[in-house]
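A.B. asks: This is the structure I want to talk about, given as structure tokens.
The values are calculated or read from the model by the stated rules, or taken from the named source; none is laboratory data. The shown structure was predicted, so the numbers you read here are calculated from the model rather than taken from an experiment. FYI the Cβ positions are ideal-geometry reconstructions off the backbone, even for glycines, and counts take in every protein chain you see.
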Amino acid sequence: MMIGEQNRPNYFGIWMALLGLVAISIAASIVLPKSLALLLIFAVAIAKALLVALNYMHLKYEKLLLYIIAIVPVVIVIILLFALFPDFVFHR
Amino acid sequence: MSEELSFWRTYVFSTDHKTIAKQYLSLGLFWALVGGLTAYLMRWQLAYPDTEVPGWGFIAPDFYNMLVTMHGTIMVFFVAMPILLASFGNFLIPLMIGSRDMAFPRLNMLSFWVFSLASLTLLISFFVPGGAASAGWTGYPPLSAKAAYTGVNWGLNLWILALALEFASFLMGGVNFLTTTINLRAPGMTFFRLPLIVWMQITAAVLFMLSVGPLIAGAVMLLMDRVLGTTFYLPEGGGEPLLWQHLFWFFGHPEVYVILLPGLGIVLEIMPVFSRKPIFGYRPIIYSTIAAGMLSFIVWAHHQFLSGMDPRLAMPFSITTIIISVPFALIVFAMIATLWRASISFPPPMLFALGTLSIFILGGLTGIFNGSAPVDIYIHDTYFVVAHFHYTLFSATFFAGFAGLYFWFPKMFGRMMNEPLGKMHFWLTFIFFNAGFVPMHFVGLGGMMRRIANPMQYEFLQPLQPINTFITIASVLLLLSQIPFVVNFLWSLMRGQVAERNPWQANTLEWSAASPPPHGNFETVPAVYRSPYEYSSPEAAEDWLPQDRPLASPAAARQ
Amino acid sequence: MDSRAQTLTSTGIPTGKVGVWWFLASEITVFGGLIASYIVVRLGSSGWSEAAAHLNFSLGLANTFVLLTSSLTMVLAFAAVEDKDPKRLGTYLGLTVLLGLAFLIIKAFEYTGEIAAGFTPAAGIFWSFYYGMTGLHALHVLAGVITNVILSIAAIGKVLRPNEHRVELAGLYWHFVDIVWIFLFPLLYLT
């Protein structure tokens, strides 16, 4: 599906934003206390992933079906992650 | 569309979905023979421990472990999946949706050849020093993580590689099935006019695609432990054996529904045809299937109640496991309601479909015992579990598989199978299967553990031995009962009565194509006007009404 | 030659794109399973930060920059397809290939350094996961580089027409590989 020049995201701008977010994560890991840093770094990672997925992978412009194909496995992985907590995180 | 291709391009390196389906069928049937051989050897050893198995010789204990492992691996990954999913799915999906082929024919061909490579890898593993894998089809570490623990080195590495290749093959197949069904449907073929087997196949494909990933990750980790000295699963290195179990069963449970759903789909196609009645509850069946599919992702730890996992997980997983029986019960009731007050005839496909239903019900009932954690404390790792999963798996794989083969043989090969031989095959199989596996429940309740090579070594099991002997005799007779099928299949391929386009007078689109369909399937791409199950419809003179028949004129209706 | 994957579609979405997204869905669960395992085993143990301190942070950061930039060049290659500019297409595809190769070279350099210092895969549970996760990722980068090389050659040799949509499909895969690294970098190097 051709998106066309008018409808195109600012690819360079997204790239700058991605680099900026990397800088923020690094700063957080140095400056912030451990748990807060972890939270911020994780949030930043999600933000970067969304920027790439929505803009570079054009999900922003795609039909609902592709969103569903992309999101459902993420949900499943999150279920797996939480189900593993009792046996590995809480047990040691 | 029909240029003359060389022998190699027509029969070996074909991109035609029908040929690929037959290729998968051939390999699957070959592996079924190997799997049957492992069953024979195991059962003989169990009934007459440490005696010479006729036609083979003595079975040493670690050879027995290898038999147990390979029987499971072969039957699940190299028989059930290639036949039910790859073969029936490949053959039927394009025909039933009115497409000329799959969306990605070359990817389809690649998937078969990767599967062949997987088969070759597994075959080779029998002949390497140390023999084939022997850590169970579930491959739990630490037993599987260090060669020293099983005495099997390359056999287990090749086992992991064979499975990885098999997964890659079916991932390619899954991409093809899903994309084809989503995008290549004929005009008028909406999602809610799809035959139920297509719904089942794509649900199975989704389940497989989304559940196999963690196991691929886990298998990479296991191979690294074995070969690179990592310690993912080795406690002495900070690793976690239990991690493998979670990753394995996270896939392992959806996997059993990946196998079951196409089997149920076959039954759901056959029943209306030989009842001359629409399927009861078409949409509820679809919604139940989707619900069961979603639930299948949150029941897996019912395989791990006794693994030492956090006991607080036992209750939620028991609850979800009991809940998942509901959508399947609905499907079973829908099948029974379809039969209610129907004009039923009993050719071999219908006999096997009814056999699937009855055996699946028994398997489903024992599933409830297994899924409840308090009960599972006693029956885990006993033959009660073995009986349960043979009832469910055998019904889905063999009874439904045979039903499908007898039903679609005319379409696949252009000839009819012999009916009396088919009926004999059914009755012998049905009788000896039940004769063998009903007593197995009791042997399990009596405490007989899984995977032991010699029950007579345990004093408390010795009184049960007559039952074991009985099960073995029934199993051997069950294996011999497959001879009528082999004879029938091969003979009919060459000398069977030539089949017409629609010998069963069925409604779905594959019956509008020639028997067998040519390259490109249809003379003209069909247009679809109605649901697949308009049998005994008031709109038609006959008791069937194909999906692609327009009702514009009375002359057309009388075709 | 009519490419079936390009023309037939009951949903309006190009067939090739549907196929690639299903493939990516399965890949999400592969890396997701591996990453989830890493997270829970790490959260339940101690001493990983000390082990992780031996990672070469600058090289990891360089690789992050390389991969993010390669995503930019990849999507610019696709923009060139949309603008029907074969020269730009060849240029940006070529750049993506070079950046991908750079990633692999840097990674190889990292590995040799670590192994020489005694941090082999057998050096402990952190290293098991480090090599497992980055190794599997690197294999995927390699596959992407090979795909992009094939596309570049076809683009430069002007034989890519009428299959330029394949640049978009290869791009989807490449961005996915980038997203995996977006998670791997903080998980391994920043914590």
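A.B. asks: Considering (1) more than 29 Å from residue B:309 (Cβ to Cβ); (2) surrounded by fewer than 16 Cβ atoms within 10 Å (Cβ to Cβ), say which one residue A:39 fails and leave the rest.
C.D. replies: (1)
A.B. asks: Which count do you get for residues in segment B:479-518 that are in a helix (DSSP H, G or I), closer than 23 Å to residue B:188 by Cβ and among the aliphatic types (A, V, I, L, M)? Reasoning before the result, please.
C.D. replies: The initial filter retains those residues of segment B:479-518 that are in a helix (DSSP H, G or I), namely B:479-480, B:483-495, B:509-512.
Of the ones still in play, those that are also closer than 23 Å to residue B:188 by Cβ are B:509-512.
Add one more test, that the residue is among the aliphatic types (A, V, I, L, M), and what stays is B:509.
Counting residues in segment B:479-518 that are in a helix (DSSP H, G or I), closer than 23 Å to residue B:188 by Cβ and among the aliphatic types (A, V, I, L, M) gives 1.
A.B. asks: Residue B:195 fails exactly one of the following numbered conditions: (1) buried (at least 24 other Cβ atoms within 10 Å of the Cβ); (2) facing chain C (nearest Cβ under 9 Å); (3) touching a residue at least 40 places away in the same chain (Cβ under 8 Å); (4) not small (Gly, Ala, Ser). What is the number of that condition?
C.D. replies: Answer for residue B:195: the failing condition is (2).
A.B. asks: Still on this structure, please answer the following. Just to be sure I understand, how many residues within segment C:72-96 are within 11 Å of chain A (Cβ to nearest Cβ) and either without any contact (Cβ under 8 Å) to a residue 60 or more places away in the chain or not in a helix (DSSP H, G or I) (or both)? Even if it seems obvious, please write down each step before you answer.
C.D. replies: So in segment C:72-96, the residues within 11 Å of chain A (Cβ to nearest Cβ) come out as C:72-79, C:81-84, C:92.
Remaining after also requiring either without any contact (Cβ under 8 Å) to a residue 60 or more places away in the chain or not in a helix (DSSP H, G or I) (or both): C:72-73, C:76, C:79, C:82-84, C:92.
Here the count works out to 8.
A.B. asks: Determine which single condition residue C:50 fails, assuming it passes every other condition in (1) crowded, with 19+ Cβ neighbours inside 10 Å; (2) among the charged types (D, E, K, R); (3) farther than 26 Å from residue A:63 by Cα.
C.D. replies: For residue C:50, the failing item is (1).
Residue-wise test of (1) in a loop (DSSP other than H, G, I, E, B); (2) under 30 Å from residue B:286 (Cβ atoms); (3) among the hydrophobic types (A, V, I, L, M, F, W, C); (4) touching a residue at least 24 places away in the same chain (Cβ under 8 Å).
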{"residue": "B:456", "(1), (2), (3), (4)": "no, no, yes, yes"}
{"residue": "B:522", "(1), (2), (3), (4)": "yes, yes, yes, yes"}
{"residue": "B:525", "(1), (2), (3), (4)": "yes, yes, yes, yes"}
{"residue": "B:538", "(1), (2), (3), (4)": "yes, yes, no, no"}
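A.B. asks: Which one of C:99, C:104, C:61 is part of a helix (DSSP H, G or I), within 12 Å of chain A (Cβ to nearest Cβ) and at pLDDT 95 or above? Spell out the reasoning first.
C.D. replies: Working: C:99 fails: within 12 Å of chain A (Cβ to nearest Cβ); C:104 fails: within 12 Å of chain A (Cβ to nearest Cβ).
After ruling out the rest, the residue left standing is C:61.
A.B. asks: From the list B:452, B:473, which one is surrounded by fewer than 21 Cβ atoms within 10 Å (Cβ to Cβ), in a helix (DSSP H, G or I) and of a type in the set (A, V, I, L, M, F, W, C)? Talk me through it step by step, then tell me what you get.
C.D. replies: Working: B:452 fails: in a helix (DSSP H, G or I).
Within the list B:452, B:473, the selection yields B:473.
A.B. asks: A further question on this structure: Being buried (at least 24 other Cβ atoms within 10 Å of the Cβ) and among the aromatic types (Phe, Trp, Tyr) is the filter here, so list the residues in segment B:113-149 that pass it.
C.D. replies: Result: B:115, single match.
A.B. asks: While we're here: Does residue B:208 fit the bill of being surrounded by 23 or more Cβ atoms within 10 Å (Cβ to Cβ), within 29 Å of residue B:159 (Cβ to Cβ) and more than 7 Å from chain C (Cβ to nearest Cβ)? Steps first, answer last, please.
C.D. replies: Values: surrounded by 23 or more Cβ atoms within 10 Å (Cβ to Cβ): yes; within 29 Å of residue B:159 (Cβ to Cβ): yes; more than 7 Å from chain C (Cβ to nearest Cβ): yes.
When the stated conditions are applied, residue B:208 passes them.
A.B. asks: Determine whether residue B:372 is buried (at least 20 other Cβ atoms within 10 Å of the Cβ) and of a type in the set (Ser, Thr, Tyr). Working first, answer last.
C.D. replies: Details: buried (at least 20 other Cβ atoms within 10 Å of the Cβ): no; of a type in the set (Ser, Thr, Tyr): yes.
So residue B:372 does not fit the description; no.
A.B. asks: Being assigned to a helix (DSSP H, G or I), away from every other protein chain (no Cβ under 14 Å) and either closer than 22 Å to residue C:44 by Cβ or not hydrophobic (A, V, I, L, M, F, W, C) (or both) narrows it down to one residue among B:265, B:218, B:252; which is it?
C.D. replies: Values: B:218 fails: away from every other protein chain (no Cβ under 14 Å); B:252 fails: away from every other protein chain (no Cβ under 14 Å).
From the options B:265, B:218, B:252, the qualifying one is B:265.
Quick grid of which residues meet (1) among the hydrophobic types (A, V, I, L, M, F, W, C); (2) at pLDDT below 95; (3) on the phi > 0 side of the Ramachandran plot:
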site: B:240; (1), (2), (3): no, yes, no
site: B:253; (1), (2), (3): no, no, no
site: B:266; (1), (2), (3): yes, no, no
site: B:269; (1), (2), (3): no, no, no
site: B:272; (1), (2), (3): no, no, no
site: B:275; (1), (2), (3): no, no, no
site: B:281; (1), (2), (3): no, no, yes
site: B:285; (1), (2), (3): yes, no, no
site: B:291; (1), (2), (3): yes, no, no
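A.B. asks: Determine if segment B:85-98 includes at least one residue that is more than 30 Å from residue B:387 (Cα to Cα), modelled with pLDDT of 95 or more and either outside any helix (DSSP H, G or I) or over 25 Å from the mean Cα position of the chain (by Cα) (or both). Talk me through it step by step, then tell me what you get.
C.D. replies: First, the residues of segment B:85-98 that are more than 30 Å from residue B:387 (Cα to Cα): B:90-98.
Then keep just the ones that are modelled with pLDDT of 95 or more; that gives B:90-98.
This time we only want the ones that are either outside any helix (DSSP H, G or I) or over 25 Å from the mean Cα position of the chain (by Cα) (or both), so: B:98.
The answer is yes, given that some residue of segment B:85-98 is more than 30 Å from residue B:387 (Cα to Cα), modelled with pLDDT of 95 or more and either outside any helix (DSSP H, G or I) or over 25 Å from the mean Cα position of the chain (by Cα) (or both).
A.B. asks: Out of B:32, B:47, report the one residue that is modelled with pLDDT of 95 or more, in contact with a Phe, Trp or Tyr (Cβ under 9 Å, 6 or more places away or on another chain) and more than 30 Å from residue B:405 (Cα to Cα).
C.D. replies: Only one candidate passes the filter, namely B:47.
A.B. asks: Taking residue C:109, is it in a helix (DSSP H, G or I), within 13 Å of another protein chain (Cβ to nearest Cβ) and either surrounded by fewer than 24 Cβ atoms within 10 Å (Cβ to Cβ) or among the hydroxyl-bearing types (Ser, Thr, Tyr) (or both)? Working first, answer last.
C.D. replies: On the way: in a helix (DSSP H, G or I): yes; within 13 Å of another protein chain (Cβ to nearest Cβ): no; either surrounded by fewer than 24 Cβ atoms within 10 Å (Cβ to Cβ) or among the hydroxyl-bearing types (Ser, Thr, Tyr) (or both): yes.
So residue C:109 does not fit the description; no.
A.B. asks: Under 6 Å between Cβ atoms, at least 6 apart or on separate chains: pull out the pairs that start in segment B:266-282 with a residue that is within 16 Å of residue B:329 (Cα to Cα) and end on any residue that is buried (at least 24 other Cβ atoms within 10 Å of the Cβ) and among the basic types (Lys, Arg).
C.D. replies: Pairs that qualify, where the first residue is within 16 Å of residue B:329 (Cα to Cα) and the partner is buried (at least 24 other Cβ atoms within 10 Å of the Cβ) and among the basic types (Lys, Arg): there are none.
A.B. asks: From the list B:31, B:8, B:44, which residue is surrounded by fewer than 15 Cβ atoms within 10 Å (Cβ to Cβ) and assigned to a helix (DSSP H, G or I)? Quick ask: steps written out before the conclusion?
C.D. replies: Numbers: B:31 fails: surrounded by fewer than 15 Cβ atoms within 10 Å (Cβ to Cβ); B:44 fails: surrounded by fewer than 15 Cβ atoms within 10 Å (Cβ to Cβ).
Every option except B:8 fails the conditions.
A.B. asks: Taking segment C:115-131 as the search range and keeping residues that are β-branched (Val, Ile, Thr) and in a helix (DSSP H, G or I), which one is farthest from residue C:47 (Cα to Cα)?
C.D. replies: Within segment C:115-131, the subset β-branched (Val, Ile, Thr) is C:115, C:120, C:125.
Applying the additional criterion that residues be in a helix (DSSP H, G or I) yields C:115, C:125.
Values: C:115: 19, C:125: 10 Å.
The extreme case among them is C:115.
A.B. asks: Among C:151, C:184, which is the only one that is crowded, with 23+ Cβ neighbours inside 10 Å and touching a His at 6+ places or on another chain (Cβ under 8 Å)? Let's see the steps before the verdict.
C.D. replies: Numbers: C:151 fails: touching a His at 6+ places or on another chain (Cβ under 8 Å).
Answer to the check: C:184.
A.B. asks: Here's something else I'd like to know. Name the one entry in C:69, C:134 that is in a helix (DSSP H, G or I) and either modelled with pLDDT under 95 or more than 14 Å from chain B (Cβ to nearest Cβ) (or both). Give the steps one after another, and end with the answer.
C.D. replies: Working: C:134 fails: either modelled with pLDDT under 95 or more than 14 Å from chain B (Cβ to nearest Cβ) (or both).
Going through C:69, C:134 in turn, just one is in a helix (DSSP H, G or I) and either modelled with pLDDT under 95 or more than 14 Å from chain B (Cβ to nearest Cβ) (or both): C:69.
A.B. asks: May I ask you to say which residue of B:51, B:15 is among the β-branched types (Val, Ile, Thr), in contact (Cβ under 8 Å) with a residue 60 or more places away in the chain and outside any helix (DSSP H, G or I)?
C.D. replies: On the way: B:51 fails: in contact (Cβ under 8 Å) with a residue 60 or more places away in the chain.
After ruling out the rest, the residue left standing is B:15.
A.B. asks: Okay, next question. For the list (1) more than 9 Å from chain B (Cβ to nearest Cβ); (2) hydroxyl-bearing (Ser, Thr, Tyr); (3) in a helix (DSSP H, G or I), I need the number of the one condition that residue C:26 fails.
C.D. replies: Looking at each condition in turn, residue C:26 falls short on (1).
A.B. asks: Would you pick out the residues in segment A:73-92 that are more than 7 Å from chain C (Cβ to nearest Cβ) and either among the aliphatic types (A, V, I, L, M) or closer than 25 Å to residue A:25 by Cα (or both)?
C.D. replies: A:75, A:78, A:79, A:82, A:83
A.B. asks: If a residue has to be more than 8 Å from chain C (Cβ to nearest Cβ) and surrounded by 24 or more Cβ atoms within 10 Å (Cβ to Cβ) to count, how many in segment B:168-188 make the cut?
C.D. replies: Narrowing segment B:168-188 to residues more than 8 Å from chain C (Cβ to nearest Cβ): B:168-170, B:172-173, B:177, B:180-181, B:186-188.
Filter once more, so that each one left must be surrounded by 24 or more Cβ atoms within 10 Å (Cβ to Cβ): B:169-170, B:173, B:177, B:180-181.
Adding up the residues that qualify gives 6.
A.B. asks: Restricting to segment B:277-321, what's the tally of residues that are among the basic types (Lys, Arg) and closer than 30 Å to residue B:505 by Cβ?
C.D. replies: First, the residues of segment B:277-321 that are among the basic types (Lys, Arg): B:277, B:283, B:312.
Now restrict to residues that are closer than 30 Å to residue B:505 by Cβ: B:277, B:283.
Adding up the residues that qualify gives 2.
A.B. asks: Can you name the residue in segment B:292-319 that is more than 11 Å from chain A (Cβ to nearest Cβ) and surrounded by fewer than 17 Cβ atoms within 10 Å (Cβ to Cβ) and, of all such residues, is nearest to residue B:353 (Cα to Cα)?
C.D. replies: B:319
A.B. asks: Got a sec? Which of B:123, B:110, B:117 is within 15 Å of residue B:23 (Cβ to Cβ) and away from chain C (no Cβ under 14 Å)?
C.D. replies: Values: B:123 fails: within 15 Å of residue B:23 (Cβ to Cβ); B:110 fails: away from chain C (no Cβ under 14 Å).
Just one listed residue meets the conditions, B:117.
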